[in-house]
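Right, one structure below, let's go through it.
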Number of protein chains: 2
Amino acid sequence: MLKFELLKTDDHARRGRLTLNHGVVETPVFMPVGTYGTVKGVLPSSLRTMGAQIILGNTFHLWLRPGVEVLRQFGGLHRFEGWSQPILTDSGGFQVWSLGETRKISEEGVKFASPVNGDKLFLTPEVSMQIQRVLDSDIVMQFDECTPYETQGHVTTEREARASMELSLRWARRCLDEHARLENPNALFGIVQGGMFETLREASVEALVALDLPGYAIGGVSVGEPKELMRSIVAHTPHRLPAHKPRYLMGVGTPEDLVEGVAAGVDMFDCVMPTRNARNGHLFTRFGDLKIRNARHKTDAGPLDPTCTCQTCRGAAPDGTGFSRAYLHHLDRCGEMLGPMLASIHNLHYYVNLMREVREALDAGAFGAFVQRFREDRARGV
Amino acid sequence: MLKFELLKTDDHARRGRLTLNHGVVETPVFMPVGTYGTVKGVLPSSLRTMGAQIILGNTFHLWLRPGVEVLRQFGGLHRFEGWSQPILTDSGGFQVWSLGETRKISEEGVKFASPVNGDKLFLTPEVSMQIQRVLDSDIVMQFDECTPYETQGHVTTEREARASMELSLRWARRCLDEHARLENPNALFGIVQGGMFETLREASVEALVALDLPGYAIGGVSVGEPKELMRSIVAHTPHRLPAHKPRYLMGVGTPEDLVEGVAAGVDMFDCVMPTRNARNGHLFTRFGDLKIRNARHKTDAGPLDPTCTCQTCRGAAPDGTGFSRAYLHHLDRCGEMLGPMLASIHNLHYYVNLMREVREALDAGAFGAFVQRFREDRARGV
């Protein structure tokens, strides 16, 4: 099931509520990425504590490991990974695209060698739907071809982008048929493609809307294009999708990208940036970003952000003031596992909490003021 | 301060209560090891949840990183690492010994090159006391020389072991003087040495007891000797120490070693085994040990141990049954950080809980029956 209520709007920005088989998701929302059935370095209990409402899984990875048979035995991904709230799974299209030259795309699907053991594999729209049926994902993504911005220096032409977008459309129809045949009670989302071409994006929107899917994603952004191009697509497409259905911008991005996305009418986001950057000592805060490895943090007894309420900044130390920058710097220098663990908690909390603040601003009819404050704060420096 | 109450005894086994500056510790107790100011891969909140009462830090490591100045700024190790309960710190003696041929021992102390940056360092009994004063450890260990069982194939002779033990005794007196001079309000423990020679162990006990220290440790076991020799020392020494003072067996060992140690009159244990083995996929359970990498766990939906109440076995999954062996196997295969995190929680909980069960058995006057049941369970296989 999927029910989407549009609670409030402010120009293109929307405050909504999504009801899925495993629970309710308040939007706009950021969804932590749990590729292999785990959000890297974070306990599910920490995800619940920070207020994560829905997390991602990756069909491609989970197909390879642990494989469909194990997941079937658990009745899906929720019980396997210890997460009872909603899950969205990517279809495998983007991951297959990431394999680069080692995959072979045809009308039927994509042939490739398993990066785990070299097995020859064939992923098709039908297979993707079958795997996601087993995963019991609350939101199932259509299998698509992600149109690259450029390939080995060759920028994708409009003609190539059109062919790719049309292939994704034909695959969307096959996904819909298979999803129905499998009697999957969860929600199938279509993915708008069309590269950097607005007319193609519009054609993709029109054809997908005709399929009357319960939600739509915008794919093929943040795939190597200049930031300005990404911005123009994000500004162009979301508000052209049906107002009464949820809109999901895939794989984006920085905190600024998320706030811009909300302003453009996006409801849902995912990105590996908070966890990947955390593992590299890059921390996001209300007042800008910081590199914990920097020597200036060595003796800093203050938290990453005095306004942050995460387990790292507030929830752990005996006096309630949380772990210091000096301690996080020390863990990083010593290569201690607790460093990435605390950094991942902080960064994910920052993203999840940013969307909570956005929702509160929308509820209060103060989104414009929020955006201005957000930009000022982020530019202040940390 | 240190107050030790002996609540109950059963032959050599003892049930006690240790009151330290940062709290009360029920004994017998297992103390998780937090070398660099972090128990590897475990959040302090998870340590509290599992019932850890006191954790270790390492003077040697913390001296190198983050260094005394940073720790002084935090008023010690507790606030720096977010742990408000008691802390015991090792003196650096064992770590300096581990450096092998690169260190030079004299009457004055030990000269060595920093393994971090090559700096020439000089650790003496006085310096160790000064660092531990800054750390504000509830239990301060004397600086000692750990007598090796063998060095490059040469088994330590009685003459060599005696010289080493007597050096440690002279260092104990210097530690006591410096500890007093520093007006350290925490408790200084002496360390019994003497290698594998019972007469030397007895001489060490006698001389240390004459110093009237608030507690005593047994060092220089589990340093490469055959298991039978270790057992004979563990059976020999603890009950020769004063009954009204706590006894700590350093760096030991397997679950069986701990239960044997309690039977021999030991009150306190520490060991890196639960965390180190966890990172290698070696898991301890009531019914024996298991290697999570083994293919037989791939489809096993059951927990590591159905009687275990840790966050891994019970506390995380939506239906309250906890993470499965299949999931832990999957995390291990994928090299996901959550694997060692959940394994470390489980193993530490197993050790901490084993000592809780020992205390309950002693309280109930049923330690003998407990030991028999423990051995049967562990032999059952998992």
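Of note:
- Every condition in (1) hydroxyl-bearing (Ser, Thr, Tyr); (2) more than 17 Å from B:VAL96 (Cα to Cα); (3) buried (at least 22 other Cβ atoms within 10 Å of the Cβ) holds for B:THR147 except the one numbered (2).
- Residue count, the range B:75-98 (criterion: closer than 11 Å to B:ASP144 by Cα and within 11 Å of chain A (Cβ to nearest Cβ)): 0
- Any chance A:VAL266 is surrounded by 22 or more Cβ atoms within 10 Å (Cβ to Cβ) and either within 14 Å of chain B (Cβ to nearest Cβ) or at pLDDT 95 or above (or both): yes
- When residues in the range B:170-197 are screened for being surrounded by 21 or more Cβ atoms within 10 Å (Cβ to Cβ) and assigned to a helix (DSSP H, G or I), 5 of them pass.
- Any chance B:GLY51 is at the interface with chain A (Cβ under 7 Å from one of its Cβ atoms), within 16 Å of B:CYS310 (Cα to Cα) and in contact (Cβ under 8 Å) with a residue 60 or more places away in the chain: no
- Residues that are modelled with pLDDT under 95 and facing another protein chain (nearest Cβ under 8 Å) were ranked within the range B:315-327; the one that is surrounded by the most Cβ atoms within 10 Å (Cβ to Cβ) is B:GLY322.
- Residue in the range B:353-374 that is within 11 Å of chain A (Cβ to nearest Cβ), aliphatic (A, V, I, L, M), under 29 Å from B:ASN58 (Cβ atoms) and crowded, with 20+ Cβ neighbours inside 10 Å present: no
- B:ALA343 vs. criteria among the aliphatic types (A, V, I, L, M), within 14 Å of chain A (Cβ to nearest Cβ) and assigned to a loop (DSSP other than H, G, I, E, B): no
- Complete set of residues in the range A:142-159 that are touching a Gly at 6+ places or on another chain (Cβ under 8 Å) and not β-branched (Val, Ile, Thr): A:GLN142, A:PHE143, A:ASP144, A:GLU145, A:CYS146, A:PRO148, A:TYR149, A:GLU150, A:GLU158
- Only one entry in A:ARG240, A:ARG325 is in contact with a helix residue (DSSP H, G or I) (Cβ under 6 Å, 6 or more places away or on another chain) and under 21 Å from A:GLY220 (Cβ atoms), namely A:ARG240.
Residue-by-condition table, conditions (1) in contact (Cβ under 8 Å) with a residue 24 or more places away in the chain; (2) touching a Pro at 6+ places or on another chain (Cβ under 7 Å); (3) of a type in the set (Val, Ile, Thr); (4) more than 14 Å from every other protein chain (Cβ to nearest Cβ):
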{"residue": "B:ALA243", "(1), (2), (3), (4)": "yes, no, no, yes"}
{"residue": "B:VAL259", "(1), (2), (3), (4)": "yes, no, yes, yes"}
{"residue": "B:CYS271", "(1), (2), (3), (4)": "yes, no, no, yes"}
{"residue": "B:ASN277", "(1), (2), (3), (4)": "yes, no, no, yes"}
{"residue": "B:PHE287", "(1), (2), (3), (4)": "yes, no, no, yes"}
{"residue": "B:ARG296", "(1), (2), (3), (4)": "no, no, no, no"}
{"residue": "B:PRO303", "(1), (2), (3), (4)": "no, no, no, no"}
{"residue": "B:PRO306", "(1), (2), (3), (4)": "no, no, no, yes"}
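- Which listed residue is among the polar types (S, T, N, Q), more than 24 Å from B:HIS22 (Cβ to Cβ) and buried (at least 23 other Cβ atoms within 10 Å of the Cβ), from A:THR312, A:THR307, A:THR275: A:THR275
- Of all residues in the range B:236-257, those that are in contact with a strand residue (DSSP E or B) (Cβ under 7 Å, 6 or more places away or on another chain), farther than 16 Å from B:ASP10 by Cβ and not small (Gly, Ala, Ser) total 10.
- Annotation note: Cβ proximity below 6 Å between a residue of the range B:328-345 that is farther than 16 Å from B:ALA301 by Cα and a residue that is of a type in the set (Gly, Ala, Ser) and assigned to a loop (DSSP other than H, G, I, E, B) (sequence gap 6+ or interchain) occurs for B:MET337/A:GLY41; B:PRO340/B:GLY41; B:MET341/B:GLY41; B:SER344/B:GLY41.
- The residues of the range A:203-238 that are more than 19 Å from the chain's Cα centre (by Cα) and either of a type in the set (Val, Ile, Thr) or farther than 15 Å from A:GLY190 by Cα (or both), listed by number, are A:VAL205, A:VAL209, A:PRO226, A:GLU228, A:LEU229, A:SER232, A:HIS236.
- Qualifying residue in the range A:30-50 (condition: of a type in the set (Phe, Trp, Tyr), under 18 Å from the mean Cα position of the chain (by Cα) and within 22 Å of B:PHE323 (Cβ to Cβ)): yes
- When restricted to residues that are buried (at least 24 other Cβ atoms within 10 Å of the Cβ) and either facing another protein chain (nearest Cβ under 9 Å) or more than 24 Å from A:VAL134 (Cβ to Cβ) (or both), the range A:31-40 contains 3.
The values are calculated or read from the model by the stated rules, or taken from the named source; none is laboratory data. Everything quoted here is computed from the prediction, not taken from an experiment. So basically every Cβ, Gly included, is an ideal-geometry build from the backbone, and we count neighbours across all protein chains shown.
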